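Below: one structure, written as C-alpha cells.
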Amino acid sequence: MDATDFPHDLVQTQAAWNATYDALTAPRPRNTAALRRRLLRLSVRLWWHPYWETVSSVPAARSELRHLARAHGAVRAA
C-alpha cells in the first residue's frame, strides 16, 4: 500500500490520536478526562472515516496508517 493513498485528514486524525494517547500515558498527566474524551472523539473519526469503504484489506490499511502517522510524528519531533 502506498502511503499517498491515505487522505490527508485521515493521517492528521491518526497523528492527533497518537499525540493524545501519548499525553494520556505520560507520567501524571493533566486533564485526563479531557484527554480521554478527545481520544474517544478521534477514535470515532478514525473508525468511521469513508476511506475504509474503498480498501480491500481494512486491517492492513489501518496498520499501515498507524505506522505512517508514527513515522511522521518521529520526523516532526526530530
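Coordinate-derived values only; no laboratory data. Just so it is clear, the structure is predicted and the values come from calculations on it, not from any experiment. Cβ: placed from backbone, ideal geometry, glycine included. Neighbour counts: every protein chain shown.
Just grab the label-to-label distance for Gln12 and Arg62, each label 7 Å out from Cα along the Cβ direction, in nm (one decimal).
Roughly 2.3 nm, to one decimal.
Can you grab the distance from the C-alpha centre of the stretch 13-34 to the C-alpha centre of the stretch 48-75, Å, no decimals?
The two parts, judged by their Cα centres, are 19 Å apart.
Let me test this: with uniform point scatterers at the alpha carbons of the stretch 3-77, what is the Debye-based log₁₀ I(q)/I(0) at q = 0.11, 0.17 1/Å?
Log10 I(q)/I(0), no solvent term: -0.29, -0.66.
Listing Trp47, Trp17, Trp52 from the residue with the fewest other Cβ atoms within 10 Å to the one with the most, what is the order? Mind showing how you got there, number by number?
Working: Trp47 9, Trp17 19, Trp52 14.
Ascending Cβ contact count within 10 Å gives the list Trp47, Trp52, Trp17.
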